[in-house]
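Okay, so here's the structure we're looking at.
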Amino acid sequence: MSPDRINKKVQEIKPSGIRRFFDLIIGRKDILSLGVGEPDFPVPWKVREEIIYSLEKGVTSYTSNHGLEELRQAISEYYRKFGVECFQKDVLITTGVSEGFDIAVRAIINPGDAVLVPDPSYVMYKPLVTLAGGEAISIPTNPDFRLNYERISEYRDLRPKVLILNYPANPTGVSYARRELEEIADAVIENDMLVVSDEIYCELSYNNKHVSIASLNGLGDRTIILNGFSKAFAMTGLRVGYNIAPPDLLDAMLKIHQYCMLCAPISAQIGAIEALKNEEDELEDMRAEYLRRRNYFTKRLNEILEVNIPDGAFYAFPSIQSTGLSSEEFTERLLLEKNVAVVPGNAFGECGEGYIRCAYAVSMEKLKEAADKIEDFVRSL
Ligand code: PLP
């Protein structure tokens, strides 16, 4: 059959390297998986209760395209803790950061616009920029995986329109203190860029309290904040998130959202309202538990491989270069020989080659077993 049946840009992009790996192990009970970035905490009971109650009452309608007013209001108040002065009108409810990112780049990119994407970074950024007609330009960030003024300014001649930012980051765990964000902001302003800032791991910041780049001088009017309920509230399958943006950008995204999505699921929006009530206690416990796992797991990994201590999120990204194996060889052999699943670093860009991503969103018991098996495997090489 002719490949012309398929849109050329879709032919160009590769399927997600995370999903490909996930499909290999799905349904296999014998595998210890540090593969998928899914919290192992249950959705808070009160959230589930509110959703169940709303279903019992038969609340299953569309909402307004913007999303429920009460949720948008709650989000605008919640985001003030990250330094952003915003209001209900600045918030658009999405079906998760995945949709939020898609409508953000579609709303701002014209054909051929250069978009700077850190490498390595989360799998969706480059393909969705390509589908939106942009030129995704990688900024290599290894070995420390940090963006800074110099790294961004090197691309000045390309006249980039957008910087994609994600912190705490998937897959590296890197996050930024205010001082570093100010440097990044200087480069953004000098190059007259917009920022799409994926802050989905903002609650999982261990060293510094999360600061949104939109809160810095001059950045509020240039930034689309993406966030959601998948990670901090373990609501992955409910599909609800939000974009916060200046009015012109919000209106542009709303136009796309109203045609391609109409609205986020009402049950998930009702759950999200509940999640934001009394959030701090549950979040504190969750953060403490992830921190305990991070400390244990990175200590174990550092006995056999080199790993930067993640500032946030729930991923460790050790180098496997000392083993002489490629990322794919390492992950395939680890799966075959020890039944442990991790994701090859090259799924996150060329600069991820030589690394593996391990999600420590599993119990301490499983984490210990995985660390033992990874250690056995590396020592056997
Ligand atoms: N952004 C990052 C950095 C992620 O790691 C993920 C999921 O792993 C997403 C977005 C997807 O978020 P959502 O479930 O809200 O679509």
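The values are calculated or read from the model by the stated rules, or taken from the named source; none is laboratory data. If you're wondering where the values come from, they're calculated on a predicted model, not measured in any experiment. For neighbour counting, all protein chains shown are included, and Cβ atoms are generated from backbone atoms with ideal geometry for every residue, glycine included.
Brief remarks on what is shown
- Matching option when the condition is in contact with a Pro (Cβ under 8 Å, 6 or more places away or on another chain) and farther than 23 Å from F22 by Cβ, among A275, A313: A275
- Residue match in segment 216-223 (condition: out of contact with any helix residue (DSSP H, G or I) (no Cβ under 8 Å at 6 or more places or on another chain) and either surrounded by 18 or more Cβ atoms within 10 Å (Cβ to Cβ) or outside the structural domain of C351 (by TED's automatic domain parsing) (or both)): yes
- Leading residue by the ranking (nearest to I309 (Cα to Cα)) among those in segment 353-372 that are surrounded by fewer than 24 Cβ atoms within 10 Å (Cβ to Cβ) and basic (K, R): K368
- Checked against (1) more than 21 Å from the chain's Cα centre (by Cα); (2) in the same structural domain as N166 (by TED's automatic domain parsing); (3) crowded, with 20+ Cβ neighbours inside 10 Å, A132 meets all criteria but (1).
- Residue in segment 213-220 that is touching a Gly at 6+ places or on another chain (Cβ under 6 Å) and more than 15 Å from the ligand (Cβ to nearest atom) present: yes
- In segment 226-255, the residue that is nearest to the ligand (Cβ to nearest atom) out of those that are assigned to a helix (DSSP H, G or I) and out of contact with any strand residue (DSSP E or B) (no Cβ under 7 Å at 6 or more places or on another chain) is T236.
- Screening E337, E350 for residues that are assigned by TED's automatic domain parsing to the domain that holds P39, under 23 Å from the mean Cα position of the chain (by Cα), at pLDDT 95 or above and surrounded by fewer than 16 Cβ atoms within 10 Å (Cβ to Cβ) leaves exactly one candidate, E350.
- In the set E50, E70, only one residue is assigned by TED's automatic domain parsing to the domain that holds R178, more than 22 Å from the chain's Cα centre (by Cα) and either buried (at least 22 other Cβ atoms within 10 Å of the Cβ) or assigned to a helix (DSSP H, G or I) (or both); that residue is E70.
- When every residue of segment 208-219 is checked against the conditions, at least one turns out to be at pLDDT 95 or above, closer than 24 Å to P171 by Cβ and assigned to a helix (DSSP H, G or I).
- Check on S175, within 16 Å of the ligand (Cβ to nearest atom) and not in a loop (DSSP other than H, G, I, E, B): no
- Restricting attention to segment 307-326, the residues that are crowded, with 17+ Cβ neighbours inside 10 Å and under 26 Å from D198 (Cα atoms) add up to 12.
- Residues in segment 86-98 that are part of a loop (DSSP other than H, G, I, E, B) and either within 16 Å of the ligand (Cβ to nearest atom) or modelled with pLDDT under 95 (or both): T95, G96.
- Within segment 53-64, none of the residues are part of a helix (DSSP H, G or I), under 30 Å from E328 (Cα atoms) and more than 22 Å from the chain's Cα centre (by Cα).
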